[in-house]
Amino acid sequence: MAQIHLVKEDITRMKVDAIVNAANTSLLGGGGVDGAINRAAGPRLLQECRTLNGCKTGEAKITQGYNLSAKYVIHTVGPYWNGGKANEAALLQDAYTNSLMLAKENGIRSIAFPNISTGVYHFPKETAAQIAVSAVNRFLSQHPYDVTDVYFVCYDEENYLLYQQLLNRPSM
Ligand code: ADP
């Protein structure tokens with residue numbers, strides 16, 4: 001049985017096979033979690049990203065982790081929140097599912113997700129958390145023997161509390 005974990009942490013510190021980057025379509029770096037991952041991984045990450053020709057919203061691409069503890073970075077692009085009528089929910093679900101598919105294809109057992117789209121992309125946090133948890137649960141039930149540990153890495157208190165409730169975890 002795969003396990004879902006909830007942590008409040010800087011994702012660049014996670015000791016897992018892969019961390020997920022909430023990137024933008026250029027894959028050429030940005031602020032927020034993307035900036036933190038690029039700083040921690042070192043310049044070779046951006047060099048490899050330059051060879052990938054970007055990434056569409058909802059899709060995912062993989063690179064090495066370089067100076068990170070994680071062996072790989074899976075770069076996915078969440079949707080920018082535009083009021084909810086531009087397919088944002090389905091695209092956010094795709095970002096989680098396609099990241100997990102790529103993890104499975106690369107033999108990744110443990111993977112850590114940030115709260116994709118809930119920073120500068122302004123996706124409402126509660127809905128985003130519901131989509132994230134249901135996408136991960138669905139993937140794990142459909143592929144029970146591949147990925148064994150999924151970490152939801154919350155950086156801000158609001159997201160952490162939302163995930164605590166959704167995952168039924170006791171408060172600390
Ligand atoms: P997006 O453009 O997808 O909204 P952001 O990087 O702006 O991406 O934010 C996504 C989430 O990542 C936010 O909830 C933010 O709090 C979180 N975040 C920012 N820095 C880190 C970090 N170092 N580790 C984990 N999560 C982070």
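The values are calculated or read from the model by the stated rules, or taken from the named source; none is laboratory data. Remember, predicted model here, so these are calculated numbers, not experimental data. Note that each Cβ is placed from the backbone with ideal geometry, even for glycine, and that neighbours are counted across all protein chains shown. For the accessible areas, the whole protein counts, side chains as well, though only heavy atoms, and no ligand, DNA or RNA atoms are used. Shrake-Rupley method; radii C 1.70, N 1.55, O 1.52, S 1.80 Å.
The set of residues in the range 125-160 being surrounded by 15 or more Cβ atoms within 10 Å (Cβ to Cβ) and either among the hydroxyl-bearing types (Ser, Thr, Tyr) or at positive phi (or both) consists of THR127, THR148, TYR151, TYR155, TYR160. Of all the listed residues (GLY83, GLY78), the sole one being free of Cβ contacts under 8 Å to residues at least 40 places away in the same chain, within 16 Å of the ligand (Cβ to nearest atom) and outside any helix (DSSP H, G or I) is GLY83. For the range 30-48, a residue qualifies if it is within 7 Å of the ligand (Cβ to nearest atom), part of a helix (DSSP H, G or I) and either open to solvent by 40 Å² or more (accessible area, probe 1.4 Å) or hydroxyl-bearing (Ser, Thr, Tyr) (or both), and the qualifying residues are GLY32, VAL33.
Looking across the range 107-124, the residues that are more than 13 Å from the ligand (Cβ to nearest atom) and either in contact with a helix residue (DSSP H, G or I) (Cβ under 6 Å, 6 or more places away or on another chain) or open to solvent by less than 60 Å² (accessible area, probe 1.4 Å) (or both) come down to GLY107, ILE108, SER110, ILE111. Between THR51, THR57, the distinction of being free of Cβ contacts under 8 Å to residues at least 12 places away in the same chain and either more than 9 Å from the ligand (Cβ to nearest atom) or touching a His at 6+ places or on another chain (Cβ under 7 Å) (or both) belongs to THR51 only.
Please work out if LYS8 is out of contact with any His (no Cβ under 9 Å at 6 or more places or on another chain), within 12 Å of the ligand (Cβ to nearest atom) and open to solvent by 60 Å² or more (accessible area, probe 1.4 Å). Spelling it out, LYS8 is indeed out of contact with any His (no Cβ under 9 Å at 6 or more places or on another chain), within 12 Å of the ligand (Cβ to nearest atom) and open to solvent by 60 Å² or more (accessible area, probe 1.4 Å). In the range 9-36, the residues that are more than 16 Å from GLY58 (Cα to Cα) form Cβ pairs under 6 Å with partners that are in a strand (DSSP E or B) and within 7 Å of the ligand (Cβ to nearest atom), at six or more places apart or across chains, as follows: GLU9/VAL153; ILE11/VAL153; VAL33/ALA22.
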